[in-house]
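Laboratory data are not the source of any read-out in this text; all were calculated from the coordinates shown. No experiment lies behind these values; they were computed from the predicted model shown. Don't worry about glycine lacking a Cβ; one is built from the backbone with ideal geometry, like all the others, and counts go over all protein chains shown.
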Amino acid sequence: MGAKDQIYRFCVGREGAARSAVYRFWARATASGRSDVYLAMRGMGEEFKLSVHDDRCHIAISKQAAKEIALEDRFLQTWARQLEIVDGAERAFRLVLPTSELHTERPLGDDTEGVEWIAPAGRGATVDIGVMMGTAPPDATSAFRLASGKDTWLRIRRIRIVGTEFWAGVEAQKRDMLTREPSWRLGEFAIAGESTRASVGFQPKGGPVGLVEVNLRAAGGLAGL
């Protein structure tokens, strides 16, 4: 990472209790005078990450990772910017962290320095985190000023996603990942991360791509949502 990176690390849950993976959200100034924005699960930053650029976004794995699994195109999903406007700002990406998928495997131990703890949602609900672009509100979480003069920040909500179609699709990919080896398990653009934690992709009609964190030890755990 460069000296000009602006970094925010966060985890949904409570220290010593059920939690999500740790994520890193950062903005990087480039030699060409622009700023790129990234989001990645801890330990996967250079191998699997979301990137937000001036005109497009993509989810990609590294060249080396693509080579290891014989994947011709390392860009798992690419989409145009400005697909969705929420409260006057662009939502470029969503990260969904269901309470049912939080667990205590692999305690963080002493590796909590600089990690912001975000309270989980209630039973049957999710923490929904949007990567936003525009003018950050005064109470914005992790707001970074970009070279363009705009801001990027995380919009955090606790919601209940109703209906069965969304969760049925996520659960199907989750089950599919359990049957795949090696540790890079791809189901569309789902990929294993921190041990038994993984990310499953989705894209609602007319909206940006998102990822749902799932617990591969709890197949069927999403059924209660």
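Some observations on this one:
- Every listed requirement among (1) part of a loop (DSSP other than H, G, I, E, B); (2) in contact with a helix residue (DSSP H, G or I) (Cβ under 9 Å, 6 or more places away or on another chain) is met by ALA31 save one, (2).
- Filtering the range 115-174 to residues that are at positive phi and surrounded by fewer than 16 Cβ atoms within 10 Å (Cβ to Cβ) leaves GLY124, GLY149, GLY163.
- Complete set of residues in the range 66-88 that are in contact (Cβ under 8 Å) with a residue 24 or more places away in the chain and within 20 Å of the chain's Cα centre (by Cα): LEU76, GLN77, TRP79, ALA80, ARG81, LEU83, GLU84, VAL86
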